[in-house]
1. Being under 18 Å from Gly72 (Cβ atoms), of a type outside the set (Val, Ile, Thr) and at pLDDT 95 or above is the filter here, so list the residues in segment 17-45 that pass it.
2. Name the single residue that is farthest from Val86 (Cα to Cα) among those in segment 101-134 being of a type in the set (A, V, I, L, M, F, W, C) and either modelled with pLDDT of 95 or more or assigned to a helix (DSSP H, G or I) (or both).
3. For residues that are of a type outside the set (Ser, Thr, Tyr) and not in a strand (DSSP E or B), scanning just segment 194-205, find the one that is surrounded by the fewest Cβ atoms within 10 Å (Cβ to Cβ).
4. Determine whether segment 205-216 contains at least one residue that is aromatic (Phe, Trp, Tyr) and either under 17 Å from Asp88 (Cβ atoms) or touching a Gly at 6+ places or on another chain (Cβ under 9 Å) (or both).
5. Would you please list the contacts, defined by Cβ atoms under 7 Å and residues six or more apart or on different chains, that run from a residue in segment 3-19 that is more than 19 Å from Ser46 (Cβ to Cβ) to a residue that is part of a strand (DSSP E or B) and β-branched (Val, Ile, Thr)?
6. Could you look through segment 211-234, keep only residues that are part of a strand (DSSP E or B) and among the charged types (D, E, K, R), and pick out the one that is nearest to Arg40 (Cα to Cα)?
7. Taking the conditions exactly as written (closer than 27 Å to Ile104 by Cβ, among the small types (Gly, Ala, Ser) and outside any loop (DSSP other than H, G, I, E, B)), does Ala172 satisfy them or not?
8. Can you tell me which residues in segment 50-81 are surrounded by fewer than 18 Cβ atoms within 10 Å (Cβ to Cβ), modelled with pLDDT of 95 or more and at positive phi?
Amino acid sequence: MNSVSLLEAKNINTFYGLSHILFDVSLRVEKGEIVGLLGRNGAGKSTTMKSIMGINPPRTGEIFYKGKSITGKRPFVLFRLGIGYVPDDRRVFADLTVEDNLEIVYRRNNEWTKERVYEIFPALKNIRNRRAGNLSGGEQQMLTIGRALMGNPELLLLDEPTEGLAPIIVKALEEQILKLKEAGISILLAEQNLRSALKLVDRVYIIDNGAIKFEGTKKELEENEEIKRKYLLI
């Protein structure tokens, strides 16, 4: 008997109005994995994430979480089911402090508390009373991930977490993402930074023009110069 994937998208087709954006996209995330969804800017990574999260649901195809269909369910429903989402535009509550940003989504009896978030992101503890709107890009990214953790996710969708960050901040974020995996969180990582992604992922999908062009292990991608040159290297 085959085990059920934690997340599985099957042949999803997503549109923005009349524009067909995703073409029969299929992918899966197993428990304990970090899976990369790689591609150039505009390839369809963010649309895939938004389709899974019900922000822009697919017109056809199905999405399953723990074997049950979640196709088109609202984001707050998926949050309660255990799916955390970190969008690429770092939506913090600018007028609230770091601590208030975390507390606003906290639910009683969660495994994740502010203190546990601060263990993963110690820099946040030092600025916990600062307004989120006054944080640097890297600090806002940590806060956005921390806020998603407060929902007690089993699966985390990270959309371009390293975009626009200085190399030293990217390195720290990579270490923190690996800590999340050690804490038992499975991750779907959308990323165009190939070097960063290859430090983190177990398996990869490459998307281009809204369609999956490659699926394989990290090692298979590392050894495939043609695929990297065609779809990833700018």
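1. Looking only at segment 17-45, we keep the residues that are under 18 Å from Gly72 (Cβ atoms), and these are 17, 20-22, 24-27.
Next cut, of a type outside the set (Val, Ile, Thr) only: 17, 20, 22, 24, 26-27.
Matches in segment 17-45: His20, Leu22, Asp24, Ser26, Leu27.
2. Only one residue tops the list, namely Ile127.
3. The extreme case among them is Arg195.
4. Residues of segment 205-216 that are aromatic (Phe, Trp, Tyr), as a first pass: 205, 214.
When the remaining residues are screened for being either under 17 Å from Asp88 (Cβ atoms) or touching a Gly at 6+ places or on another chain (Cβ under 9 Å) (or both), the result is 205.
For segment 205-216, residues aromatic (Phe, Trp, Tyr) and either under 17 Å from Asp88 (Cβ atoms) or touching a Gly at 6+ places or on another chain (Cβ under 9 Å) (or both): present.
5. Sorted first by the residue in segment 3-19, then by its partner, the pairs are Ser5/Val29; Leu6/Val29.
6. Checked segment 211-234; the qualifying residue nearest to Arg40 (Cα to Cα) is Lys213.
7. Against the criterion (closer than 27 Å to Ile104 by Cβ, among the small types (Gly, Ala, Ser) and outside any loop (DSSP other than H, G, I, E, B)), Ala172 qualifies.
8. Of everything in segment 50-81, those that are surrounded by fewer than 18 Cβ atoms within 10 Å (Cβ to Cβ), modelled with pLDDT of 95 or more and at positive phi turn out to be Lys66, Gly67.
The values are calculated or read from the model by the stated rules, or taken from the named source; none is laboratory data. Quick caveat: nothing in here was measured; it's all calculated off a predicted structure. As a convention, Cβ positions derive from the backbone with ideal geometry for all residues, glycine included, and neighbour counts pool all protein chains shown.
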